[in-house]
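Heads up: the structure comes next, in structure tokens.
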Amino acid sequence: MTHYHLLLVLAFALLMGACSPAEEDKKPNVLFLFADDQRTDALGAYGNPYIRTPHLDQLAQEGSLFTNTYVMGGNHGAVCMASRAMLMSGQNLFRVYDRLNGIHTMPMAFGEAGYTTFGTGKWHNEQEAFEACFQQANNVYLGGMADHYNVALRDYDKNGKLGEATYKGYSTEIFTQTAIDFIETHTATHKGRPFFCYVAYTVPHDPYSPEAGYINHYPDGSLPLPGNYMPYHPFEFDHLTVRDENLTGWPRKPEVIQMILSDYYALVTHLDQQVGRIIETLRKTGQYENTIIVYAADNGLAVGSHGLLGKQSLYEHSTKVPLIIKGPGVLQNRELDALAYIHDIYPTLAELAGIPPPGQLDGKSLVPVIQGREEGVRNSLFTAYRHTVRAIRDDKWKLIRYPERDYTQLFDLEHDPLELNNLAENPAHQLKKEELTDLLKDWQRQSGDTAALTTNVVKPMGYDPDTLSRTPDRWQPEYSLKRYFEAEGQ
């Protein structure tokens, strides 16, 4: 054999070694971290200089951060039920609503591709759907609202069914430790087999009751009010006393909103610290570099913006969510403004992991954006809440329509991101209003939304805030009752 042929043989051997079947077949793990009622701007990575979230900020630096990700909406006040159904199914609101029974889901697709699928935390859809989705599970909460100190948790029994509820401690720490235990055990016993680990926290959803060590982490009065803070919403729409809105009285007192923000930020910072523990576990087990990590949320939250507290509106603060993706196949330290939905995450993760998503999904893979091949996957984005509000936005403008009030808002998001200056009746912007209205109708037809944009009976917009009343729900712990109800005389 000549020297030249020997070099060719060695080169071929090296190539085969570098691309062995074991290496070619090695799939990335997926760690999915899902927050509850997380405002996009309540993270340092999104430009908030007041909140401390170092671990999530580091994930954003090591991956890609999306600045325009939305939940499509909800069919009732518990928006998180619909958002989680959309996330898991990859389908739009009007195809899945809040039901997952009988639907092929993201964790099912990963399980069929050879992944070990594991779930812990909040599941706000049917119990049977959870049991069909995940091969393994511990400390699962079946419900929406919860006292973070006293969450009803269920484990799988030997038949893969969720058993009776037990109560173990503060939810954020329990879900974190459960994920850590799974990662450590899986690494030790299933070498080479990838995992899909879903960790769904109950925070920063109210009750605004941080873990004891984080109370007063942000002293009352130390945080600025939202730039679009208002004491009242300027007009009535839908139900202004839907559950979230009862957490403080009217008018929304600035000092009380600042108290809520102090507790809300403390919930997020504690969550960030717990995320750091999971990341450290990935490092210690040698899984970090081969794990796609996603941080997202089911919906946003008003927390005083526009005189609202909850997520039952179509303003940016309530429909926009954080989305950070880091891991194999994801470019680092990139801020992406592509219009995205949380139901895009399913096809995105499937493509990153080399898993063809089965069936026809409404969500679109964001991989071309993540890898710098495309700037976006859609030019406009549609959101809806019940039958009472519809909205459409493009890259710069947003229109919100209230059918029961025959009222329209038009915002120039490029110059008015806080949605304070309604231009709907400005003659200079009538063409834009008409263009977006037509686009909204197109989206309704494509999505299967049959709601009229003007109802037969038009209701008044005016209301008397002094007639609004509130009572605490049964999930409020003593801390919240004393702070937000007894102190306000309600």
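What follows is calculated from the coordinates using simple rules that are stated; it is not laboratory data. Source: prediction; values computed, not measured. For neighbour counting, all protein chains shown are included, and Cβ atoms are generated from backbone atoms with ideal geometry for every residue, glycine included.
The table for this structure:
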read-out	value
Residue order, fewest to most beta carbons within 10 Å, for 118, 94	94, 118
Computed over the chain, Cα set: Rg, Dmax in Å	23.5, 96
Surrounding net charge for residue 232, when Lys and Arg each add one and Asp and Glu each subtract one, Cβ distance under 13 Å	-2
Per-selection Rg to Rh, region 35-145 - Cα, Kirkwood hydrodynamic radius	1.00
Ascending count of other beta-carbon atoms within 10 Å, so fewest first, for 70, 115, 156	156, 115, 70
Proximal aspartates and glutamates to residue 161, defined as alpha-carbon separation beneath 17 angstrom and excluding residues fewer than eight positions away on the same chain	126, 128, 131
Computed [θ] at 222 nm, helices only, for the chain once each DSSP H run of length n ≥ 4 contributes -39500 (n - 2.57)	-9000 deg cm²/dmol
Crossing angle, helix 254-284 versus the chain [Cα axis fit, 0-90 degrees, rounded to tens]	10 degrees
Phi-based couplings in Hz for region 313-322 (Karplus 6.51, -1.76, 1.60; Gly and Pro marked x)	8, 10, 5, 4, 5, 9, 9, 8, 10, x
Surrounding net charge for residue 187, when Lys and Arg each add one and Asp and Glu each subtract one, Cβ distance under 15 Å	+2
Under 5 Å, built H, 5+ apart or other chain: amide partners of residue 30	195, 196, 197, 292
Local electrostatic count, residue 297, Cβ distance below 9 Å [Lys/Arg +1, Asp/Glu -1]	-2
Value in Å of the Kirkwood radius, where region 56-114 supplies the Cα pairs that are averaged	13.1 Å
Calculated FRET efficiency for the pair residue 167/residue 373, C-beta based, R₀ 56 Å, to 0.05	0.70
From phi via Karplus (6.51, -1.76, 1.60), per-residue ³J(HN,Hα) for region 135-151 in Hz, x at Gly/Pro	6, 10, 6, 8, 6, 9, 10, 9, x, x, 5, 7, 6, 4, 7, 8, 8
Cα-based helix-to-principal-axis angle, 79-89 vs the chain, degrees rounded to 10	30 degrees
Number of Lys pairs (Cα under 19 Å; 8 or more positions apart or on different chains) in region 387-459	8
Relative contact order of the chain, defined on C-alpha pairs under 8 angstrom at six or more residues apart (%)	22 percent
Rounded D (µm²/s) - region 361-459, Kirkwood Rh over Cα pairs, Stokes-Einstein at 20 °C, 1.002 mPa s	146 µm²/s
Cα coordinate range in region 177-310, projected on the principal axes (Å, largest first)	58, 33, 22
Over region 288-395, relative contact order from alpha-carbon pairs under 8 Å, at least 6 apart, %	23 percent
Taking 248, 285, 471 and counting other C-beta atoms within 10 Å, the order from fewest to most	471, 285, 248
Taking N as its residue count, the alpha carbon Rg of region 207-277 over 2.2 N^0.38 Å	1.27
